[in-house]
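The values are calculated or read from the model by the stated rules, or taken from the named source; none is laboratory data. In this text the structure is predicted, and so the values were computed from the model without any measurement. Backbone-built Cβ (ideal geometry, glycine too); neighbour counts: all protein chains shown.
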Amino acid sequence: MLLAISVVVAIIFFVAFIISVKKGQYDDVYTPSVRMLFDDELVKTNPKENQPVNKVKSN
Amino acid sequence: MNVTFKKISEILYCQYFQGFYDESHFLGRSIPEILCSYIIGEDMTCYHCGEHCREETIAYDERSFCCSGCKTVYEILNSSDLTYYYELENAPGTSPRYNDGKFNYLENTEIVEKLLEFDHAGTQIVSFYIPSIHCSSCIWILENLGKLHKGIKSSQVDFPKKKIRISFSSEAIQLKELVLLLARIGYEPNISLENFEEKEKGIDRSLIYKLGVAGFAFGNIMFLSFPEYFEIKEFWLEQFKHLFRWLMFSFSLPVVFYSGQNYFISAWKGLRSGILNIDVPIALGITVLFLRSTAEIALDQGTGFFDSLSGLVFFLLLGKFFQQKTYSFLSFERDYKSYFPIAVTRLFSEEGKIKEEQVQVYRIQKGDRIIIRNEELIPMDAILIKGKARIDYSFVTGEAEPVEKNSGDKLFAGGRQQGGIIEVEALKPVQQSYLTELWSDEVFSKDKNSAFQNLTNQISKRFTYAVLGIAIVAGVFWIFYEPARAWNVFTAVLIIACPCAIALAAPFTLGNLLRIFGRNKLYLKDANIIEKIAQVDTVVFDKTGTITQNDRSRIEYEGLELTEEEEQLLGGSLRASNHPLSRSLYNILDNNNISTPEHFTEFTGQGLETTYKDLKLKIGSQSFVCDSNQATASPLQNKVEKTSVYISSNDLYKGCFSFYNSYREGLPELLMELSKDQELIILSGDNDGERDRLGTIVPAGTSMFFDQKPGNKLEFIKKLQSRGRKVMMVGDGLNDAGALAQSDVGIAISEDVNVFSPACDGILDAKRFRDLGKFFQLSRKAISIINLSFLLSLCYNIIGLGFAVSGDLMPVVAAILMPLSSISIVVFTTLATQVIAKKSEIRSQS
């Protein structure tokens, strides 16, 4: 019984892997790593009144 | 001055990084940058593109820009609150360069339809290749295109491929507007004839699948074999032993029949053509492993070798995967289609009026009238009808200087017009033009790799015979000694001798070196090229653009010295002129003080005449300058054909500026280095005006050939090869394309690896031209590393054979020996390549 479960679990992960490859998740492995860094800071840069003269933003 | 500037900026940057400055930006530039710009004077860098502002500085919004193009981009981004672009990276932009009207063909619905990937009601999807994508700011701005125009729904960048996929609504924004928007912010998409034909090819992911299957099976079979490894004799394990074994069997089925299928196919192909390649012993090993293991579990004799079997296939595929490094942003298979425009402007008359229309280039028929604008490519052979043509054929023939043509002259496909608009009449359709016919030569359809026998396959031949010999001798011995074990010994020899480690040596060594080369800007098509480089004994260089630099010319002045006033007026006059020669002369000369001429007349195709106070200068061609004072003209006849600008002051001949090709830095040293081991040949499409000067640079024994047409170059390489030479061709333009394809190793030199290179085996960044010799050395050393790894893996095989011949090969021994030998080979080759890379002072880490 446990054996059957272990095999089934293994196969589920295997199928998940195949699907992820098929969907092209491994085609571009670089851009997402850069893209994920953008999102937070995008919110900060909306206001127009923040037109910088001597302070833009400190890191 | 330069040294102090460097020192100061270094100190400032150190403090900056240690946190001495809280405000990282001031007026949009970092404090160290501003201080530096004070130190070096007015030399400011552009806020947008980071170039030094040379000719003029535009101040806008308290920032400095090098040109109005850059300023416009800033304005656009600023008005859409997208200035975060400049905070992500320092000066990330590219200054926009495009002609109006360049994208007019995107109004043609037929072309638009071809370009769109998806087109339904309110949603259109299009993909572009944008060469100027280079940093994270680029990704950010391009993925926020929607903020610039509400018609753009979403956009996604594929950074390694430099591609963008945009989903938009054609009701709100036309494709042409979209492309213009991209061009305006400095991201001009590259649309060529290739896009027009290209159908999205399916990406080949089969190797990943196979690797996944093998890895999955390998792991599971290992788990299932654990009880047997430790010989645990528990009641329930004994109970389930058979189930375990049949589970292992079923896991191994996909490994043998799916993951390993390529080895069988390749071995079969090899055998049929009479070659014992490395896949033959591998396929033999896999077959024997599988059959013996199945027999063992069916007859209840043991557990079989399923773990070793799946491990073997997994490691082999891993090697293949590692070797398969592709530079997705480069293309090694380009032909003329990548450079040709997708459409041209055709003239047609309607109701007596002449109108312009955009036509797909394949639709051009003989006799059609076509308009070619500045910087546009002539896509077919044609006759010039109207306008002044200055055609740059460097692309096709390798000639450095543009050729002047008058109406009635024949123009060949592939030339680029420089100057005004011309009108031409097509002589032939695109496919039948001179340049395109070059591509019908058989070299372009031949697969170069098929004839090449790599090192691994050379070894595998002897190896296979040896292994079969040992297996038979050992089997025969045991038949007489103890017949029951003969079959076991015979199969055990074949199993243990399966050349996993040998098969891995080359992929990992070459794969690793391929990456090291890539970091050093030599991008090779595949790892086999390295083996070929190591065998090269003749290096053939193209001249123009390969050993000379395209962008920077060197000038020499001959004649009477110019007075200060004359120099000042010369600078001013050159600045006012639009002629390409004046522009390049102006850029080279020192222009400290220039006086703006009072009268300025430009005679097209001849020269210019300017006056300032009582000084009159004539600048231009020899006939233009010298005619009026023939007395001095005669002794100045230049026998050598070279491009010169003549100058006379108040009708008195002063002298001339001659342009020379400037050779790449370090060329003499490089040639000297290469000439030790290779024969060098220079093959130029240009005239032999440079022969004498070149002769002083190249090492003795170098042959030089001039006036070589593209076809001649190809034949030349063929002739060398028929004499048994292994030839490397180093070239740059389309004129070398045939020779690059014919040679054993074709290396294209490229100033900008993203933009252009003909079909070749490798692309070398022009900045690293000097290191060509190091690449040679490294390739040779790589071959020695592979040979050493062969020795190492032979040692493992001898140990394994000891077990096998003596008749007691335990599955656990095979399961340990196989991965151990593979892993040690991988470690050895990786370390060794790093060491040789470091020794040759080439960067091994990025």
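Give B:179, B:112, B:126 a once-over and let me know the one that is of a type in the set (Val, Ile, Thr) and part of a strand (DSSP E or B). Within the list B:179, B:112, B:126, the selection yields B:126. Residue B:109 satisfies every condition listed in (1) touching a residue at least 40 places away in the same chain (Cβ under 8 Å); (2) away from chain A (no Cβ under 14 Å); (3) surrounded by fewer than 20 Cβ atoms within 10 Å (Cβ to Cβ) except (1). All of (1) under 30 Å from residue B:726 (Cα atoms); (2) modelled with pLDDT under 80 hold for residue B:432 with one exception: (1). Scanning the stretch B:417-429 for residues that are at pLDDT 80 or above and either polar (S, T, N, Q) or in contact with a helix residue (DSSP H, G or I) (Cβ under 6 Å, 6 or more places away or on another chain) (or both) yields a single hit, B:417. Just so you know, in the stretch B:165-196 the residues that are surrounded by fewer than 21 Cβ atoms within 10 Å (Cβ to Cβ) and among the charged types (D, E, K, R) include one that is farthest from the chain's Cα centre (by Cα), and it is B:171. With respect to residue B:162, is the statement that it is at pLDDT below 85 and in contact with a His (Cβ under 9 Å, 6 or more places away or on another chain) true? Taking the combined requirement at face value, the residue satisfies it. Got at least one residue in the stretch B:218-241 being away from chain A (no Cβ under 13 Å) and either within 22 Å of residue B:504 (Cβ to Cβ) or in contact with a strand residue (DSSP E or B) (Cβ under 6 Å, 6 or more places away or on another chain) (or both)? Scanning the stretch B:218-241 turns up no residue that is away from chain A (no Cβ under 13 Å) and either within 22 Å of residue B:504 (Cβ to Cβ) or in contact with a strand residue (DSSP E or B) (Cβ under 6 Å, 6 or more places away or on another chain) (or both). Answer yes or no: is there a residue in the stretch B:537-545 that is of a type in the set (D, E, K, R) and outside any strand (DSSP E or B). Yes, there is a match, as at least one residue in the stretch B:537-545 is of a type in the set (D, E, K, R) and outside any strand (DSSP E or B).
Of B:322, B:314, all but one fail to be within 32 Å of the chain's Cα centre (by Cα), at pLDDT 85 or above and not basic (Lys, Arg); the exception is B:314. Just wondering, is there one or more residues in the stretch B:78-96 that are more than 19 Å from residue B:168 (Cα to Cα), touching a His at 6+ places or on another chain (Cβ under 7 Å) and assigned to a helix (DSSP H, G or I)? No, the stretch B:78-96 contains no residue that is more than 19 Å from residue B:168 (Cα to Cα), touching a His at 6+ places or on another chain (Cβ under 7 Å) and assigned to a helix (DSSP H, G or I). Residue check: residue B:809 meets all listed conditions (1) in contact with a Ser or Thr (Cβ under 8 Å, 6 or more places away or on another chain); (2) over 15 Å from residue B:530 (Cα atoms) but one, namely (1). The single condition among (1) surrounded by fewer than 19 Cβ atoms within 10 Å (Cβ to Cβ); (2) in a loop (DSSP other than H, G, I, E, B); (3) at pLDDT 80 or above that residue B:202 does not satisfy is (3). If you go through the stretch B:668-690 and pick out every residue that is surrounded by fewer than 18 Cβ atoms within 10 Å (Cβ to Cβ), within 16 Å of residue B:548 (Cα to Cα) and at pLDDT 80 or above, you end up with 2.
When each of A:33, A:20 is tested for being surrounded by 10 or more Cβ atoms within 10 Å (Cβ to Cβ), at pLDDT 85 or above, outside any loop (DSSP other than H, G, I, E, B) and more than 8 Å from chain B (Cβ to nearest Cβ), the lone residue that passes is A:20.
Residue B:268 - would you say it is closer than 25 Å to residue A:8 by Cα and part of a helix (DSSP H, G or I)? So residue B:268 does not fit the description; no. Among B:701, B:689, B:695, B:685, which is of a type outside the set (A, V, I, L, M) and under 24 Å from the mean Cα position of the chain (by Cα)? Being of a type outside the set (A, V, I, L, M) and under 24 Å from the mean Cα position of the chain (by Cα) holds for just one of B:701, B:689, B:695, B:685, which is B:685. For the stretch B:213-234, filtered to residues that are in a helix (DSSP H, G or I) and surrounded by fewer than 19 Cβ atoms within 10 Å (Cβ to Cβ), the residue that is modelled with the highest pLDDT is B:219.
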